[in-house]
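Following: one structure in structure tokens, then a few remarks.
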Amino acid sequence: MGNFEKQFSVFLVHEVFLLIMSYGIMSIIDGRYLLSFVLEIMGRESSAMFKYSRFSHQFEIERGYQSMQQEMQNQEFNIKQDPYNYMLRVLFNRWKPYIIRAISFDQDAGRPTYYSAFFKQLPITQKVLSQNLKELEQDGLIERHVLPENLRVEYHLTEYGSTLLPILDAVYDWGWHDMKKKDIPIDPLGEMWHGYREQDASRMHQPFKNKQ
């Protein structure tokens, strides 16, 4: 028997005892008040059932809420499953913002981005570039196409990858204004690419001599 049934049984016995005391044992045995006694017992039983049903329902709600609170308290913060940490891996390492932006600049100009073009825009080694391109492709942010006529490899942003451009622009804009406010020197080549300085094609497409 559950806790609710035990409490209800005790309550019902108590109600019957009070009725017997009220009617008197001899009156009930006499039979003249037997029908009234039975009807009142039934009424009190229904009232008791309704009362304890509400109590039981409220008890279950409170117990479920307490269980949920306890479960939340027992949980530890898992940084590996946090969206901030996910974005740091997918996008905000040292080179990925530049790679995505380099492809987008070429797409805005109506030209494809060949593998060799990255070395004209970024001081990056071949090994590091290949690893970052592979990860961006695996995450569905860029597409890689091999041209059959000359086996040249070109890259394009996917539709999903293009959704990152407003985020990158906002990050660059915030950094640019904060560096200006604090009189921190800003790379002029990056300013050209992002529209903060007049563009100089001879500089923008000149390969970097020092790879890092």
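Data table
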item: Any hit, the range 171-186, residues being under 25 Å from Tyr86 (Cβ atoms) and buried (at least 16 other Cβ atoms within 10 Å of the Cβ); result: yes
item: Test for Phe118: is it of a type in the set (Phe, Trp, Tyr), in the same structural domain as Asp200 (by TED's automatic domain parsing) and touching a residue at least 40 places away in the same chain (Cβ under 8 Å); result: no
item: Checklist (1) touching a strand residue (DSSP E or B) at 6+ places or on another chain (Cβ under 7 Å); (2) loosely packed, with under 15 Cβ neighbours inside 10 Å applied to Ile142, failing item; result: (2)
item: Some residue of the range 152-170 being in contact with a Leu (Cβ under 6 Å, 6 or more places away or on another chain), in a strand (DSSP E or B) and within 24 Å of Gly195 (Cβ to Cβ); result: no
item: Qualifying residue in the range 123-138 (condition: loosely packed, with under 14 Cβ neighbours inside 10 Å, under 25 Å from the mean Cα position of the chain (by Cα), hydroxyl-bearing (Ser, Thr, Tyr) and assigned to a helix (DSSP H, G or I)); result: no
item: Residue count for the range 171-186, restricted to those that are in a loop (DSSP other than H, G, I, E, B) and under 26 Å from the mean Cα position of the chain (by Cα); result: 0
item: Residues of the range 187-212 satisfying the condition of being modelled with pLDDT of 85 or more, closer than 15 Å to Tyr98 by Cβ and assigned to a loop (DSSP other than H, G, I, E, B); result: Asp187
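The values are calculated or read from the model by the stated rules, or taken from the named source; none is laboratory data. What you are looking at is a predicted structure, and each value in this text was computed from that prediction instead of being measured. We place every Cβ from the backbone using ideal geometry, glycine too, and count neighbours over all the protein chains shown.
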